[in-house]
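For reference, the structure is listed below as C-alpha cells.
A short reminder: the numbers here are calculations on the coordinates, not readings from a lab. Worth saying up front: this structure is predicted, and the values here are computed from it rather than measured. Neighbour counts run over all protein chains shown; Cβ positions are idealised from the backbone, glycine included.
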C-alpha cells in the first residue's frame, strides 16, 4: 500500500469525487493510473481510498490518496500522466490496514476571505470564530442531517485585504468550513449581530434568510491531513515540477487580475467621462434653449 500527497487547482473540476459526465480530480488520478498500467481500463486502483471529497472549485495542497501499486509508481511517475492542474509531490509506504479516509487524526483547511479592514471589524469576526471553537452541534452550518457534532479549532490572521481563516478538526461535515466563514464574514462586516452565533449554535433549525449560506468555494484550500506513524517522503523532482506548475498558474492569475483591473478602471473612467459630457450637454442645451427663446421673442 502506498499513500500519495496530491495538490490540485480545483477550479477546472466539479469536485474531487468521480461523477458521470463532468471532469473531476479523481478522474484525472484514475486516468493516470490506467495509462501507467497500475489498474485496468474502467477500474480504479486496488484498495483505493482518499482522505477527503472536496467540493467543486475547492483546491488542495495535501489531499491524500492510497492504493496498491508497484514500487516504480512514484509521484514523478504519476505526474508523467497527470494534467498540470493535478500534481503528486510526496509518497509514503503505508501499513496494510492503512485507510486514507478513516485514519486521519487531523485535517486542516485555510480560507482566504477578502475582507478589507475598512468596514470590517476583525475583533467581532474573531469573537464569532472563537465562539465556534470546541465541540458543538453544527447542524445549522451543514446540509448533513447526521454527524453534525464536531470539535473544531483554528484561528484568524490578517493579511492585507484578506483574513486567513484556518480551521482544523478530525473530520468535517459538508460545507462546514465555508458556512463558518460566511458566518464570520457576516458578523465582522456588521451584516449580522454577534448574537447570530448563538442562534446558529443553538438547537433550533435556521432556514431561509435566517440560515447561513456557504461562502464561495474557490478561496478554500485543503492544507494538511495528518496520519499517525506515517512519514511522507518528498519526491524532489515531483515537488519541483509541482511548484513550477502552480507558480505558472499563479502568474497567469496575477496577469488576469491586472488585465481585469485595467478593464474595470477604463470602464469606470469612461463612465465618469460620459456623465461629465452628459452634464455639459445638459447645461449647453439649457443655454441653447434660452437663446432660442430669446430669438423667438
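Data overview
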read-out	value
Label selected from (i) 30, 22, 18; (ii) 39, 23, 17; (iii) 47, 28, 16, the criterion being semi-axes √(5λ) of the Cα gyration tensor in Å as computed here	(iii)
Between 0 and 90°, nearest 10: helix 176-189 axis offset from the chain longest Cα axis	30 degrees
Value of relative contact order over the range 106-222, rounded to a whole percent, pairs C-alpha under 8 Å and six or more apart	37 percent
Rounded tilt (10° steps) of 25-36 against the dominant C-alpha axis of the chain	40 degrees
Contact order normalised by residue count of the chain, Cα under 8 Å, 6+ apart, percent	22 percent
Most mobile listed residue (244, 56, 270) in the chain, GNM with C-alpha springs under 10 Å	270
Highest-fluctuation residue, 126, 158, 264 considered, GNM on the chain with Cα pairs under 10 Å	264
Global geometry of the range 106-222, whether rounded, prolate or oblate, following the gyration tensor of its Cα atoms and the 1.5 cut on a/c	oblate
Alpha-carbon centroid distance for the pair the range 38-79 / the range 187-239, whole angstrom	24 Å
Computed label-point distance, nm, for sites residue 80 and residue 255 using a 7 Å Cα→Cβ extension	3.0 nm
Helical mean residue ellipticity (222 nm; -39500 (n - 2.57) per DSSP H run of 4+; nearest 500) of the chain	-12500 deg cm²/dmol
Computed label-point distance, nm, for sites residue 131 and residue 11 using a 7 Å Cα→Cβ extension	3.5 nm
Tensor-based shape of the range 162-284 (alpha-carbon gyration tensor, a/c under 1.5 rounded, otherwise prolate or oblate)	oblate
Estimated distance in nm for a label pair at residue 189 and residue 145, the labels positioned 7 Å out from Cα along Cα-to-Cβ	3.1 nm
17 Å cut-off, amide nitrogen to a point 7 angstrom out along residue 201 Cα→Cβ, residues in the range 110-134	123-134
With Cα atoms, 0 to 90° folded angle of helix 122-132 axis to the chain main axis	40 degrees
For the chain, built as a Gaussian network whose Cα springs stay under 10 Å, the top-fluctuating residue of 92, 214, 192	192
